[in-house]
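Colleague: Below: one structure in structure tokens.
Nothing in this text is a laboratory measurement; each read-out follows from the coordinates by a stated rule. In this text the structure is predicted, and so the values were computed from the model without any measurement. Positions of Cβ are generated from backbone atoms using ideal geometry, with glycine treated the same way; all protein chains shown enter the neighbour counts.
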Amino acid sequence: MTTNAKGQVPWYLWPFAAIWKLLAVIVELTGRLVAMILGIVLMIIGVLVSLTIVGAIVGIPLAIVGLLLFIKGIF
């Protein structure tokens, strides 16, 4: 069994780490308050888009990204 060095992400968790790093870059560029407002807006848009079955394919991930952006803005 191999061990990962500190800071490396296993291949099966890479998509989550990539999204988290993208959110970190957005927070760094925009600032915490703007990132939190953007997160709330994305959550609202995601919920509104997901009111239809077809829109749920786009709306649910959009709301999740908004929630993660809001959480990243807090911490």
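Colleague: If you take volume of the Cα convex hull per residue in Å³ from the coordinates, which of (i) 117; (ii) 162; (iii) 96 do you get?
Modeller: Given (i) 117; (ii) 162; (iii) 96, the structure-derived one carries the label (iii).
Colleague: Next up: Which whole DSSP H helices in the chain pass both tests: a Cα extent of 18 Å or more along the axis and a mean Kyte-Doolittle value no lower than 1.6?
Modeller: 32-49, 56-74
Colleague: Report the FRET efficiency, 1/(1 + (r/R0)^6), for Ile60 and Val34, where r is their Cβ-Cβ distance and R0 is 30 Å, rounded to 0.05.
Modeller: 0.80
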